[in-house]
């Protein structure tokens, strides 16, 4: 569904992930939930698959998880950290 922007550098150490937008110089530190969202945005073939996977990983109400996931994805698109398209290996 989505892939990482060409201008984004990702580093992960243990349960901590950082995203650096090379165009703006802004660095984002993702917590565990945001890291799970990030991984599903890039790996899942559909929103339904992503939500299904997240519900197995995260305790909480489905509606809250769906809303948080949608808001997170929207913010990533706005900040140009992801773009539509499939992940290229």
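A short reminder: the numbers here are calculations on the coordinates, not readings from a lab. Everything numeric here is computed off the predicted structure, so don't read it as measured data. Reconstructed Cβ throughout: ideal geometry from the backbone, glycine too, with neighbour counts over all protein chains shown.
Of all residues in region 7-44, how many are under 17 Å from residue 70 (Cα atoms) and in a loop (DSSP other than H, G, I, E, B)? Outline the logic, then answer.
Taking region 7-44 as the starting set, the residues that turn out to be under 17 Å from residue 70 (Cα atoms) are 30-44.
Next, from what is left, pick out any that are in a loop (DSSP other than H, G, I, E, B): 31, 44.
Residues that pass the stated criteria total 2.
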**Request:** Have a look at 60, 23 and point out the one that is at positive phi and exposed (fewer than 14 other Cβ atoms within 10 Å of the Cβ).
**Result:** 60
**Item:** Subset of region 1-20 (residues that are surrounded by fewer than 12 Cβ atoms within 10 Å (Cβ to Cβ) and out of contact with any strand residue (DSSP E or B) (no Cβ under 6 Å at 6 or more places or on another chain))
**Value:** 6, 13, 14, 15
**Message:** Going by what's in this entry, would residue 65 be described as in contact with a strand residue (DSSP E or B) (Cβ under 8 Å, 6 or more places away or on another chain), surrounded by 12 or more Cβ atoms within 10 Å (Cβ to Cβ) and closer than 22 Å to residue 28 by Cα?
**Reply:** no
**Pair list, Cβ under 8 Å, 6 or more apart: region 17-32 residue closer than 13 Å to residue 80 by Cα, other residue exposed (fewer than 11 other Cβ atoms within 10 Å of the Cβ)** = 20/11
